[in-house]
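What follows is a short report on a single structure.
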Amino acid sequence: MSQANKKGAGARGKKAGGKGPADDKGEDVLQAVILADSFQDRFKPLTIDRPRCLLPLANTPLIEYTLEYLAMNGVQEVYLYCGAFADQVEGYLAASPRWSPTSKTNPFQSLDIIRVAQASSLGDFLRDLDKRGIIAGDFVLVHGDLVSNVPLDPILSRHRARREANRDAVMTLVLREGGGSDHHTRAHGIEPLFVLDAASGRCLQYDEMTPLDHRSDRFLDIDPAFLEKNADITIRADLIDCSIDICTPDVLALWTESFDCELPRKNFLHNVLKDWELNGKLIYTDIVTDQPSPVQPQTQQSSSSSSSSSASNAITGSYAARVNSLQMYDAVSRDILGRWTYPMVPDTNLLPGHSYTSVRRRAGRSVGAGVGVSAERGVAIDPSATVSKAALGLHSTIGANSVVSGSTIGRRCRIGNNVRIENCYLWDDVVIGDNTVVTQSILANNVNVGSNCVVPAGSVLSFGVSITDKVQLTAAAGSPVVLSVSKQNGSHVVDDAAVVGAGGKGATYHHSADSDDEDDDEDGSDAISAESLQRSLIYSTAHLNLSTSSISSFESDGDYDDTDDAVFDDDDEEGAGSKSGFLSASNAGGERGSRSRLPSFASLDGSRFSTSDGLAGRFGASGPGATGLIGTDGVSTVSSSFHTDAVNGLLDALRDDSSGDFESARLEFMGLRLSTDASDGAVRRAVAASFARRACELAAPVGTPGDQGQGLDASKAAERAVKSKTGAAKFVRDVGVGNGTSDEQVEFVLALQRTLVGMRIREEKETGKATEGLAAPGTLLAALLQQLYDGDVLDEEGILAWWADGRAAEGGSGASGDSSMAGARERCRVLVEWLETAEEDDSDEDDDDEEDDSDEDSD
């Protein structure tokens, strides 16, 4: 398709080096290239007969977000490369009131679709683009699954300034800070590693790591030349690659020279950086930071940035992510509902014909539409239903007593009575019967689920699947429920009544083991590959018995365990070495070319490493004000959505006086653990933090901010925290402590201790002095240990092993001895001495019994 009376892109004359059309445009025309086919099958069976870029995201086709982003950044000419289903893409754009050639609201001078016969990779697209000679100057390279509001003007300005200073600066990668390894928009199954010059932002090296790599291979082999020539390099494993690239035509020439490169990052970027001394080309990065809170205004907020080339000039308050897997589909959908992507949100009605408006429940009502709900015309919500953080499409209905939360509902959907839909994505014309539960799943167009059914988390029901009444779908380990009415080749499947019920439609979909599945992220050549880990809606490696540790999780000796190390206070501005959270390492160790591992790629946020200030030591706290071990929540300062959600959920259950049972909280917690693939250590810390915090609340004076203080003494506060709910103590024993070994008990008690001391540090920092009137952390700890001992959650061996562990007395600082680990431990001395005495008495009794038995035998 060609627009604005321009010729087709395939007839555009010579390359940029000749006297073709590209030379006549100059660099005033901003061009963009969209790669709308990724040559992979992560979204199948949803993409068996349609392109990914036309799948709905929050009820809007993916390609709309990409085109609107380019339009809001002033792009004038767009070239869209299509592979499979190009006719559908062209037909959609031709019929669009916004993007068709005759539309008066089309912001582009031209929008041309380019087809490449027999293209099998993204590399083929870009080599074809080089041949056509249609790129005049700097251009924006993106994918057809991009959702972003990042302003490009400051990035383009810095890119052009670098280009003027050095003509070999050919490319700028737009990256987004992702914080800890559990950031929900970070790609799972593959971890990109960027080696950067900290001062200029130049990208020196690019590599990737996956959970499939053997632990002994999880290190980064850095070119020693970088350590000699660069005063300060950083290794970043916390960056989200949203695949927004600012390129010069020289980049296309490099693609042509790299005739065997297929993937933009794993092949092209890695190889160009590796051979930079030969090709002389320089690639830079521009880093975007997350906004501090969801954007709620009615007009877009502008962002500005200095034209400095330093990597420190990061653009703040911006969002960018690719929907390049089902897991990212889930993550970006949640961000859209949370309005992090503004103005790319439902109630701005990006798609012509949409009529979304914000809906609020009436004052004083506990049911109806709650916070964060957008709905189109004709939506009917029963007065007894509860809807929160959701987008509801045209003429959809929600029945009596149903609950919809964190979900998008397409047009003309019918949801019955007493239905529970949580974190789901229903497309158009979906029907859900009465008393059915659907959790964290995708239901495509025309899916029908009967009454009294259960659709478990991670399920994908493709177009036209029908489930009859009383069917409870079950996911096997490592095999989520994926149902389709079509095979990979498009032929119809034989309906499997054992799965969908008698009269149902569809069967279990299986990915072909020999599928040619290539993307810009992975080659997918193995049956079990990083690519295969990204095909499911919920990421998990539990069924493979693999370590999910990232490169930022290991020490130089390969034996690092995050539960053994220091955790610093979140609010400490001077301690813990660098305020930026970088761990320092010397660049002078080892001979040139020697293969030695740097101390650690981990920092307090588990993601950065810097060579700026010499060797600081293992998570060292060198310098004045170093606090030692404790974080304000008793856990690592690594941002953890699992920890936050888990602790809040457990605390809500412990605070709920209307129910004496803990079973629902246990089920919710285990579901969260499964959906986030949380480690045993993360689970242990979350459980310990929840019960320790509840004990603190109960012991706090009445009137304490938060209305949770009840003024109980330490022993009663601990007893109530552990025993007020039926099944709570068993939950702590089975889930928090685990198998009950001494080592596991030690880790659990340390987690309790760190939480209690961390909370005291925070209280003292807020008041600026030692806190009076509150139970000492050590007193509460002793009371909790007593209750857990009495309830057979902990035993003498475990508590005494904790007492003997050196970590129990290391770290912490504040206005009183109670804000130190040693101070809290000391207050448990009486309990420990009692246990030691009891153990000795038991030993003496056993000896007496043995002597008595011996005497009887001798008689």
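The values are calculated or read from the model by the stated rules, or taken from the named source; none is laboratory data. All of these numbers come straight from a predicted model, not from anything done at the bench. Neighbour counts run over all protein chains shown; Cβ positions are idealised from the backbone, glycine included. Quick note on the areas: whole protein, heavy atoms, side chains included, nothing else; ligands and nucleic acids left out. Shrake-Rupley method; radii C 1.70, N 1.55, O 1.52, S 1.80 Å.
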Express in Å², to the nearest 10, the accessible area of VAL437 obtained by rolling a 1.4 Å probe over the protein heavy atoms while all chains stay in place. 50
Residue span ALA476 to ASP656: 0.36 nm per residue of separation minus Cα-Cα distance leaves a gain in nm of 61.5 nm
In this structure, the FRET efficiency calculated for SER384 and ASN452 from their beta-carbon separation, with R0 = 22 Å, to the nearest 0.05, is 0.70
Sequence-distant or interchain residues sharing an amide H contact under 5 Å with HIS143, placed H: which? LEU35
What does the charge dipole of region 48-98 about its Cα centre add up to, to the nearest 20 debye, if the Cβ of each Lys and Arg holds +1 and the Cβ of each Asp and Glu holds -1? 100
Spin-label pair GLU766/SER120, simplified geometry with 7 Å Cα→Cβ offset, distance in nm: 6.2
Nearest 0.05, what FRET efficiency do LYS104 and SER355 give at R0 = 22 Å with Cβ-Cβ as r? 0.60
Linear extension gain, ASP713 paired with ASP232, 0.36 nm per residue minus alpha-carbon span: 167.8 nm
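Quick one: dipole size for region 645-686, taken about the Cα centre, charges +1 on Lys/Arg Cβ and -1 on Asp/Glu Cβ, in debye to the nearest 20.
In debye, rounded to 20, region 645-686 gives about 220.
Contour minus end-to-end for LEU667 and LYS723, with contour as 0.36 nm per residue of separation and end-to-end as the Cα-Cα distance? Spell out each step's value before the answer.
Values: separation 56, 0.36 × 56 = 20.16 nm, distance 1.83 nm.
Full extension of this stretch gives 18.3 nm more.
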With each pseudo-label sitting 7 Å past Cα toward Cβ, what's the HIS395-SER491 distance in nm, one decimal? 3.7
In nm, to one decimal, how far is the modelled label at ASN648 from the one at GLU836, with both set 7 Å along Cα→Cβ? 4.4
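How do THR468, THR436 stack up against each other in accessible area, from largest to smallest, with a 1.4 angstrom probe?
Largest to smallest exposure gives the sequence THR468, THR436.
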Positive-pole candidate from TYR65, PRO97, TYR81, dipole of region 56-156, charges at beta carbon: PRO97
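To the nearest 0.05, what FRET efficiency results for ASP221 and GLU810 with a Förster distance of 30 Å applied to their C-beta separation?
Efficiency computed from Cβ-Cβ geometry: 0.35.
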PRE zone check, label point 7 Å out along Cα-to-Cβ of ASP28, amide N under 16 Å, scope region 132-167, hits 136-138
Ranked by how many other beta carbons lie within 10 Å on average, peptides 386-398, 80-92 from highest: 386-398, 80-92
Leaving out ligands, DNA and RNA but keeping every protein chain, what accessible area does TYR65 have, in Å² rounded to the nearest 10, with a 1.4 Å probe? 10
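Could you sort SER200, SER462 by accessible area so the largest value comes first, with the probe set to 1.4 Å?
These residues rank, largest area first, as SER200, SER462.
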